[in-house]
Amino acid sequence: MSGPDPRPGPAAAPVRQRLDKWLWFARVVKTRTLAAKLVAEGHVRVNGQRAEAPAKQVSPADVLTIALERRILILKVVSGGARRGPYEEARLLYEDLTPPPDARPEPDEHARREPGAGRPSKKERRDHDRYFGED
């Protein structure tokens, strides 16, 4: 009983794919429901335009801007997925264009305290507030 394998393989990856399905295959979110919710709440842009529906089709060369809870991802779609595989397989679906996080400038000597040094003095507190723009 030999015949064609009914299981889709990597070669069977579609050219165009639903946005929520692609986000799930690429392991941006844990479930497809969360992917649909992310799109519906307006946290995903495709080529700079807000994605209105989870069923929006994405294709290779599309650039996705995804606002997650603590970071923003910029991903270029390389291909559509055939299944939700391991991370190594999911990593092949996109090119990460996210710039590295900027390092916060080093505070001056009065705004920095040693761990366990106790409460700040009034002068240290004023210096801290002045440095961080809090009045």
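The number of residues in the range 119-135 that are assigned to a helix (DSSP H, G or I) and not hydroxyl-bearing (Ser, Thr, Tyr) comes to 10. Screening Ala35, Ala82, Ala40, Ala117 for residues that are in the same structural domain as Val15 (by TED's automatic domain parsing), at pLDDT below 95 and either of a type in the set (A, V, I, L, M, F, W, C) or touching a strand residue (DSSP E or B) at 6+ places or on another chain (Cβ under 7 Å) (or both) leaves exactly one candidate, Ala82. Checking each residue of the range 121-128 against the condition of being at pLDDT 85 or above, within 28 Å of Val39 (Cβ to Cβ) and either of a type in the set (Gly, Ala, Ser) or surrounded by 14 or more Cβ atoms within 10 Å (Cβ to Cβ) (or both) gives no match. Find the residue count for the range 49-66, including only residues that are exposed (fewer than 14 other Cβ atoms within 10 Å of the Cβ) and either touching a residue at least 60 places away in the same chain (Cβ under 8 Å) or among the hydrophobic types (A, V, I, L, M, F, W, C) (or both). Looking only at that region, the number is 3. Residue count for the range 75-89 under the criterion of being farther than 12 Å from Lys21 by Cα and surrounded by fewer than 20 Cβ atoms within 10 Å (Cβ to Cβ): the result is 8. Considering the range 71-87 alone, what residues qualify as being more than 18 Å from Thr31 (Cα to Cα) and free of Cβ contacts under 8 Å to residues at least 40 places away in the same chain? Scanning the range 71-87 gives Arg71, Ile72, Ile74, Lys76, Val78. Keeping to the range 1-32, report how many residues are among the aliphatic types (A, V, I, L, M), at pLDDT 95 or above and closer than 13 Å to Arg83 by Cβ. So the count comes out to 1.
The values are calculated or read from the model by the stated rules, or taken from the named source; none is laboratory data. Keep in mind the model is a prediction, meaning the values are calculated, not measured. For neighbour counting, all protein chains shown are included, and Cβ atoms are generated from backbone atoms with ideal geometry for every residue, glycine included.
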